[in-house]
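Right, one structure below, let's go through it.
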Amino acid sequence: MAQLSLRGIKKRYRETEVLHGIDLEIGDREFVVFVGPSGCGKSTLLRLIAGLDPITHGEFVLNGSRMNDVAPSRRGIAMVFQSYALYPHMDVYENMAFGARLMGLDKAEVEQRIADAARMLRLGELLKRRPRELSGGQRQRVAIGRALVRKPDVFLLDEPLSNLDAALRSEVRLEIARLHREIGGTMIYVTHDQVEAMTLADKIVVMNNGRIEQVGSPRELYETP
Ligand code: ADP
Ligand code: ADP
């Protein structure tokens, strides 16, 4: 279960306010896509939700509990970055096991979760490879797998396809859509790409200059009457 409320969220870096009061409700299992020009504050908002950066003003509430001061590892939230952020010296298995071990899961549980993630993301043949021995699409699937083994309630994905070429982009996009159908987590996804927004989103949030400008379904926002 994951229901998120963002209430009057502001973010300031030194003298500069970059988020000017974000109010948004995100429902359980909803796939929400944030779009908007570079620099409008999308990544900053994801970092606040993940707990990687403190909220200056306002409240983030998850399932009725205020999360502002809760450590990232205790939020039940996993983040996937555009740059994969895999450990180069670890193989695929170890990359996926690392975060799960930090959660204190025993070895059998870690193995089971990795087996499940590997099946879902078609990584079964690649478990002993290092990241440099993988294609970009495979690397991003590993990064998604690493988030998946933590069984988070909420997935944050920050432009996860932007480093991939066009063919891989649609492949991994379909993978993400299928993942959402199968595991049913709440997805919060940032992109520049209108096709990604239209095909993945239940709800699109249009941001500009640190504010939400519009919220609606893909049909409401992109279909001309
Ligand atoms: P987006 O993801 O929409 O491209 P960002 O959230 O990365 O936008 O950035 C929003 C604004 O906040 C930008 O003006 C950026 O320069 C500024 N910003 C982001 N991170 C920091 C930081 N750590 N320190 C200062 N300013 C930052
Ligand atoms: P140990 O802790 O006993 O040394 P690890 O769990 O760290 O073993 O695994 C060592 C290596 O073996 C991993 O890097 C991975 O490549 C491989 N491995 C371990 N368990 C599995 C598994 N269930 N499926 C596939 N490969 C595995």
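At a glance:
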quantity: Condition met for residue 150 (surrounded by 15 or more Cβ atoms within 10 Å (Cβ to Cβ), assigned to a loop (DSSP other than H, G, I, E, B) and at pLDDT 95 or above); calculated: no
quantity: Residue within the range 61-82 that is touching a Pro at 6+ places or on another chain (Cβ under 9 Å), more than 23 Å from residue 102 (Cβ to Cβ), open to solvent by less than 30 Å² (accessible area, probe 1.4 Å) and not small (Gly, Ala, Ser) present; calculated: no
quantity: Close pairs from the range 84-99: first at pLDDT 95 or above, partner assigned to a loop (DSSP other than H, G, I, E, B) and more than 11 Å from ligand 2 (Cβ to nearest atom), Cβ under 6 Å, at least 6 apart; calculated: 95/86; 95/87; 96/149
quantity: Residues located in the range 179-190, provided they are touching a residue at least 12 places away in the same chain (Cβ under 8 Å) and part of a helix (DSSP H, G or I); calculated: 179, 180, 182, 183
quantity: Residues within the range 37-55 that are crowded, with 18+ Cβ neighbours inside 10 Å, near ligand 1 (Cβ under 6 Å from one of its atoms) and part of a loop (DSSP other than H, G, I, E, B), tallied; calculated: 2
quantity: Those residues of the range 196-219 which are free of Cβ contacts under 8 Å to residues at least 12 places away in the same chain and in a helix (DSSP H, G or I), in sequence order; calculated: 219
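The values are calculated or read from the model by the stated rules, or taken from the named source; none is laboratory data. Predicted, not measured: the structure shown is a model, and the values here were computed from it. Note that we place each Cβ from the backbone using ideal geometry, even for glycine, and neighbour counts take in every protein chain shown. With ligands, DNA and RNA removed, areas are computed over all heavy atoms of the protein, side chains included. Shrake-Rupley method; radii C 1.70, N 1.55, O 1.52, S 1.80 Å.
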